[in-house]
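Bear in mind that the values in this text are calculations on the coordinates, not laboratory data. If you're wondering where the values come from, they're calculated on a predicted model, not measured in any experiment. Here Cβ is always computed from backbone atoms with ideal geometry, including for glycine, and neighbour counts include all displayed protein chains.
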């Protein structure tokens, strides 16, 4: 039975609002809008401080300086007055940020570390399957990799949609590092906010730029909305967290927002299972870093494979033999 009981992601509204000043006619944001007193700032590389016209006219207070939290240095929400800042992952179901930190359909946040250079199914349903490819760095002082989502492989009907961040050495916000392909054919969109591509072969599939570079909204009518932004690991973040970023790789990856339509009650995957009516959260949500384990249940043999142990896509699936160590 189709399920519509969950709150949907509204990060799209925030991302579109962030580029409203750059485009006179940005794409309409799906979902419920954020409160009217919000701003979205995207400080960029090594520029965390950003002055806002965030006035408190009622109390006659001057503008304040906003600073994104170190957990979300590339983009955050600012509520005025007072310049209170929040990471999007703190609020919205269907969001994945950073080392990947998900906010599930049940509203709880958790980490899923996976393993670098492997693929994991994050959503698997009867008619929709989404794998994520992880990149990472190993900290010798830790027993696991630092990992980030570099690309998505999306299966629906007999189609394959790829959304990925290209490897880049020196990061520039003005250089587009997004890579998109439908059924192995590149998707090319003019480099301007609001530019839109519509598939000639898949009814209802569109991709719209939310920024001139490195940000898109993928919309498949009746199935999903995905907001994807390519972001780097900054030198400052690397220094603080000991990520080990080198001059030949900025570890460009995707920050993501998902909105799903008509998921079944049998949906699974790292994120997908949290949308089930019978999902029971057994993570220690009182800790600062609740971690979802069980990586071997979600590992796939490649970015488009539907052979993870919890796969629900199609029928007659043979399970993957690869392992996540």
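Which of 275, 111 comes first, and how do the rest follow, when ranked by fewest Cβ neighbours within 10 Å?
Fewest to most other Cβ atoms nearby, the residues stand as 111, 275.
For region 253-306, calculate the relative contact order in percent as a whole number, restricting contacts to Cα pairs under 8 Å that are 6 or more residues apart.
20
How do 79, 182, 128 rank when sorted from fewest to most other Cβ atoms within 10 Å of their own Cβ?
79, 182, 128
What length, rounded to one decimal in nm, is gained on full extension from residue 183 through to residue 247, with 0.36 nm per residue of separation minus their alpha-carbon distance?
19.7 nm is the gain from fully extending residue 183 to residue 247.
If I stretch the segment between residue 302 and residue 157 completely, what's the gain in nm (0.36 nm per residue apart, minus their alpha carbon distance), one decimal?
Difference between extended and current length: 50.4 nm.
Would you calculate the separation in nanometres between label points at residue 221 and residue 281, each defined as 7 Å from the Cα along the Cα-to-beta-carbon direction?
Each label point lies 7 Å from its Cα, and together they span 3.5 nm.
Note down the nm distance, to one decimal, between modelled labels 7 Å out along Cα→Cβ at residue 213 and at residue 200.
Going by the 7 Å Cα→Cβ label model, 2.9 nm.
For labels at residue 169 and residue 69 in the simple 7 Å Cα→Cβ model, what's the distance in nm?
With each label placed 7 Å out from Cα toward Cβ, I get 3.6 nm.
By counting other Cβ atoms within 10 Å of each Cβ, how are 197, 148, 171 ranked from fewest to most?
Final ranking by Cβ density, sparse to dense: 197, 171, 148.
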